[in-house]
1. Efficiency by 1/(1 + (r/R0)^6): what FRET value for I70 and K6, r their Cβ-Cβ distance, R0 = 22 Å, to the nearest 0.05?
2. Using the Cα centre of segment 73-115 as the reference point, and only Cβ charges (+1 on K/R, -1 on D/E), how large is the resulting charge dipole? Debye, rounded to the nearest 20.
3. Could you tell me which of the pairs K15/K120; K170/K214; K51/K96 are separated by over 27 angstrom between their Cα atoms in the structure shown?
4. Could you work out what % of the accessible surface of segment 73-127 is carbon and sulfur, using a 1.4 angstrom probe and leaving DNA, RNA and ligands out of the count?
5. Given the Cα-Cα distance of D98 and E203 and 0.36 nm per residue of separation, how much length would full extension add, in nm?
6. Using Cα-only point scatterers and the Debye equation, what is log10 of I(q)/I(0) for segment 1-51 at each q in 0.22, 0.29, 0.33 Å⁻¹, rounded to two decimals?
Amino acid sequence: MTNREKVESYIPMVKFIAAVCGPRFEVVLHCLDDLDHSIIAIENGNISGRKVGDGLRDYALESLYNKEYIQQDFIANMHGHSDNGRLMRFSTFYIKDDRGRLVGFIGVNTDITELENIRKFVESEMFFQHDLSSHYVPTAATLSASEMFDEAMVDTLRILGYTHGASIKKEDRIRVISILNDRNMFSLKGVIPIAAKRLGISEPSIYRYLNSIKNDQHK
(Lines give C-alpha, C1' and ligand atoms only; values in the text may rest on other atoms or scores of the structure.)
Protein backbone atom coordinates (compact mmCIF):
# COMPACT_ATOMS: atom_id res chain seq x y z
CA MET A 1 0.00 0.00 0.00
CA THR A 2 1.38 3.42 -0.95
CA ASN A 3 1.35 6.32 1.48
CA ARG A 4 -1.46 7.99 -0.43
CA GLU A 5 -3.54 4.81 -0.41
CA LYS A 6 -3.02 4.56 3.33
CA VAL A 7 -4.23 8.11 3.82
CA GLU A 8 -7.16 7.64 1.45
CA SER A 9 -8.32 4.69 3.54
CA TYR A 10 -9.31 7.25 6.21
CA ILE A 11 -11.85 9.00 3.95
CA PRO A 12 -14.79 7.03 5.45
CA MET A 13 -13.58 8.07 8.90
CA VAL A 14 -13.72 11.73 7.84
CA LYS A 15 -17.34 11.32 6.78
CA PHE A 16 -18.15 9.40 9.95
CA ILE A 17 -16.70 12.02 12.32
CA ALA A 18 -18.54 14.84 10.53
CA ALA A 19 -21.83 12.93 10.60
CA VAL A 20 -21.51 12.21 14.31
CA CYS A 21 -20.30 15.63 15.42
CA GLY A 22 -22.43 17.87 13.23
CA PRO A 23 -22.11 21.03 11.15
CA ARG A 24 -19.89 23.01 13.56
CA PHE A 25 -17.09 20.50 13.00
CA GLU A 26 -14.90 20.80 9.93
CA VAL A 27 -13.18 17.47 9.28
CA VAL A 28 -10.31 17.51 6.82
CA LEU A 29 -7.96 14.79 5.57
CA HIS A 30 -4.47 15.78 4.46
CA CYS A 31 -2.00 13.71 2.46
CA LEU A 32 1.53 15.04 2.81
CA ASP A 33 2.89 13.93 -0.56
CA ASP A 34 1.90 17.41 -1.88
CA LEU A 35 1.77 20.11 0.79
CA ASP A 36 0.38 22.72 -1.60
CA HIS A 37 -2.58 20.48 -2.47
CA SER A 38 -2.76 18.28 0.61
CA ILE A 39 -6.51 18.13 1.19
CA ILE A 40 -7.96 14.97 -0.30
CA ALA A 41 -11.25 14.95 1.63
CA ILE A 42 -13.15 17.52 3.64
CA GLU A 43 -16.55 17.79 5.32
CA ASN A 44 -18.17 21.07 6.40
CA GLY A 45 -15.51 23.00 4.54
CA ASN A 46 -17.74 26.08 4.64
CA ILE A 47 -16.36 26.76 8.12
CA SER A 48 -12.93 27.70 6.76
CA GLY A 49 -13.84 28.06 3.10
CA ARG A 50 -11.45 25.29 2.06
CA LYS A 51 -11.98 22.52 -0.47
CA VAL A 52 -10.31 19.41 -1.85
CA GLY A 53 -7.03 20.39 -3.51
CA ASP A 54 -6.19 23.20 -1.10
CA GLY A 55 -2.98 23.09 0.93
CA LEU A 56 -1.92 23.17 4.58
CA ARG A 57 -2.58 26.15 6.81
CA ASP A 58 0.05 27.71 9.08
CA TYR A 59 -1.11 25.99 12.26
CA ALA A 60 -0.90 22.58 10.55
CA LEU A 61 2.56 23.34 9.16
CA GLU A 62 3.76 24.34 12.62
CA SER A 63 2.66 21.00 14.01
CA LEU A 64 4.40 19.24 11.11
CA TYR A 65 7.72 21.04 11.51
CA ASN A 66 7.73 20.75 15.30
CA LYS A 67 7.46 16.98 14.84
CA GLU A 68 4.91 16.62 17.61
CA TYR A 69 3.74 13.42 15.94
CA ILE A 70 6.89 11.58 17.01
CA GLN A 71 5.89 11.49 20.68
CA GLN A 72 2.12 11.31 20.35
CA ASP A 73 -0.61 10.01 18.08
CA PHE A 74 -2.80 13.11 18.25
CA ILE A 75 -3.21 16.55 19.74
CA ALA A 76 -6.60 17.81 20.85
CA ASN A 77 -8.45 21.01 21.65
CA MET A 78 -5.89 23.63 20.72
CA HIS A 79 -7.52 27.05 20.58
CA GLY A 80 -7.03 29.62 17.85
CA HIS A 81 -8.75 31.54 15.07
CA SER A 82 -9.61 30.68 11.51
CA ASP A 83 -8.55 32.93 8.65
CA ASN A 84 -12.02 34.49 8.67
CA GLY A 85 -11.80 35.37 12.37
CA ARG A 86 -13.91 32.56 13.84
CA LEU A 87 -12.88 31.20 17.23
CA MET A 88 -11.79 27.61 16.71
CA ARG A 89 -10.71 24.50 18.56
CA PHE A 90 -8.18 22.44 16.57
CA SER A 91 -7.52 18.72 16.97
CA THR A 92 -5.23 16.55 14.84
CA PHE A 93 -4.91 12.79 14.45
CA TYR A 94 -1.57 11.76 12.90
CA ILE A 95 -1.39 9.11 10.19
CA LYS A 96 2.01 7.39 10.10
CA ASP A 97 3.63 4.76 7.94
CA ASP A 98 5.14 1.53 9.28
CA ARG A 99 8.34 3.38 10.21
CA GLY A 100 6.52 6.04 12.21
CA ARG A 101 6.94 8.72 9.57
CA LEU A 102 4.08 11.17 9.15
CA VAL A 103 2.24 10.68 5.85
CA GLY A 104 -1.03 12.46 6.57
CA PHE A 105 -3.45 13.54 9.25
CA ILE A 106 -7.06 14.17 10.04
CA GLY A 107 -7.89 17.63 11.31
CA VAL A 108 -11.07 18.22 13.31
CA ASN A 109 -11.64 21.94 13.55
CA THR A 110 -14.55 23.05 15.70
CA ASP A 111 -16.20 26.45 15.36
CA ILE A 112 -16.84 27.52 18.96
CA THR A 113 -17.59 31.17 18.25
CA GLU A 114 -21.26 30.96 19.21
CA LEU A 115 -20.50 28.80 22.25
CA GLU A 116 -18.05 31.43 23.47
CA ASN A 117 -20.68 34.13 22.97
CA ILE A 118 -23.14 32.08 25.01
CA ARG A 119 -20.52 31.58 27.74
CA LYS A 120 -19.89 35.31 27.95
CA PHE A 121 -23.63 36.01 28.07
CA VAL A 122 -24.20 33.50 30.88
CA GLU A 123 -21.25 34.85 32.88
CA SER A 124 -22.48 38.41 32.50
CA GLU A 125 -25.99 37.43 33.60
CA MET A 126 -24.64 35.65 36.66
CA PHE A 127 -23.61 39.02 38.08
CA PHE A 128 -27.27 39.99 38.28
CA GLN A 129 -28.43 37.97 41.26
CA HIS A 130 -31.90 37.96 42.71
CA ASP A 131 -32.58 40.92 44.96
CA LEU A 132 -33.73 39.01 48.03
CA SER A 133 -34.93 42.17 49.75
CA SER A 134 -37.12 43.41 46.90
CA HIS A 135 -40.75 44.02 47.74
CA TYR A 136 -42.95 41.14 46.67
CA VAL A 137 -45.84 42.06 44.37
CA PRO A 138 -48.69 39.53 44.23
CA THR A 139 -49.98 38.48 40.83
CA ALA A 140 -53.56 39.50 41.56
CA ALA A 141 -55.10 42.08 43.90
CA THR A 142 -57.90 39.70 44.88
CA LEU A 143 -55.64 37.01 46.40
CA SER A 144 -56.30 36.00 49.97
CA ALA A 145 -53.59 36.35 52.62
CA SER A 146 -52.98 32.62 52.44
CA GLU A 147 -52.67 32.68 48.63
CA MET A 148 -50.40 35.71 48.69
CA PHE A 149 -48.17 34.08 51.29
CA ASP A 150 -48.05 30.82 49.34
CA GLU A 151 -46.97 32.63 46.17
CA ALA A 152 -44.27 34.51 48.07
CA MET A 153 -43.18 31.29 49.76
CA VAL A 154 -42.85 29.41 46.48
CA ASP A 155 -40.79 32.24 44.99
CA THR A 156 -38.56 32.41 48.08
CA LEU A 157 -37.99 28.67 48.16
CA ARG A 158 -37.09 28.72 44.48
CA ILE A 159 -34.48 31.40 45.11
CA LEU A 160 -32.91 29.31 47.87
CA GLY A 161 -33.09 26.06 45.91
CA TYR A 162 -35.94 24.33 47.73
CA THR A 163 -39.13 22.79 46.35
CA HIS A 164 -41.28 22.78 49.51
CA GLY A 165 -41.19 24.19 53.03
CA ALA A 166 -40.77 20.89 54.85
CA SER A 167 -37.40 20.34 53.16
CA ILE A 168 -35.83 23.56 54.44
CA LYS A 169 -32.71 23.06 56.51
CA LYS A 170 -32.81 24.51 60.01
CA GLU A 171 -30.05 26.99 59.23
CA ASP A 172 -32.00 28.31 56.22
CA ARG A 173 -35.29 28.91 58.04
CA ILE A 174 -34.26 32.34 59.26
CA ARG A 175 -33.24 33.25 55.70
CA VAL A 176 -36.69 32.25 54.44
CA ILE A 177 -38.44 34.19 57.18
CA SER A 178 -36.13 37.19 56.62
CA ILE A 179 -36.92 37.27 52.90
CA LEU A 180 -40.66 36.94 53.56
CA ASN A 181 -40.41 39.68 56.16
CA ASP A 182 -38.61 41.97 53.70
CA ARG A 183 -41.50 41.35 51.33
CA ASN A 184 -43.96 42.48 54.02
CA MET A 185 -45.63 39.09 54.20
CA PHE A 186 -45.88 39.15 57.99
CA SER A 187 -47.84 42.40 57.89
CA LEU A 188 -50.76 40.42 56.48
CA LYS A 189 -53.41 39.56 59.02
CA GLY A 190 -53.43 35.95 60.13
CA VAL A 191 -50.27 34.93 58.24
CA ILE A 192 -48.25 33.74 61.27
CA PRO A 193 -50.14 30.43 61.68
CA ILE A 194 -50.01 29.95 57.91
CA ALA A 195 -46.27 30.48 57.90
CA ALA A 196 -45.78 28.10 60.83
CA LYS A 197 -47.74 25.38 59.05
CA ARG A 198 -45.93 25.85 55.73
CA LEU A 199 -42.50 25.80 57.40
CA GLY A 200 -43.33 22.95 59.77
CA ILE A 201 -42.48 24.92 62.91
CA SER A 202 -44.44 26.45 65.80
CA GLU A 203 -45.93 29.94 65.86
CA PRO A 204 -43.66 30.98 68.78
CA SER A 205 -40.69 29.94 66.64
CA ILE A 206 -41.86 32.32 63.91
CA TYR A 207 -42.02 35.17 66.45
CA ARG A 208 -38.56 34.31 67.80
CA TYR A 209 -37.12 34.39 64.27
CA LEU A 210 -38.81 37.73 63.56
CA ASN A 211 -37.51 39.23 66.82
CA SER A 212 -34.00 38.00 65.99
CA ILE A 213 -34.20 39.57 62.53
CA LYS A 214 -35.48 42.85 64.02
CA ASN A 215 -32.66 42.94 66.57
CA ASP A 216 -30.03 42.27 63.89
CA GLN A 217 -31.39 45.13 61.80
CA HIS A 218 -31.00 47.55 64.71
CA LYS A 219 -27.44 46.62 65.53
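The values are calculated or read from the model by the stated rules, or taken from the named source; none is laboratory data. Remember, predicted model here, so these are calculated numbers, not experimental data. Using ideal geometry, Cβ is built from the backbone for each residue, glycine included, and neighbour counts are taken over all protein chains shown. With ligands, DNA and RNA removed, areas are computed over all heavy atoms of the protein, side chains included. Shrake-Rupley method; radii C 1.70, N 1.55, O 1.52, S 1.80 Å.
1. Numbers: r = 18 Å, r/R0 = 0.82.
Computed FRET efficiency for I70 and K6 comes out at 0.75.
2. Working: 5 positive and 6 negative charges, 28 e Å.
Taking the Cα centre of segment 73-115 as origin, the dipole is about 140 debye.
3. In this structure, K15/K120 lie more than 27 Å apart at Cα.
4. 56 percent
5. The D98-E203 span can extend by a further 29.7 nm.
6. With no solvent term, the Cα-only Debye profile gives -0.78, -1.09, -1.22.
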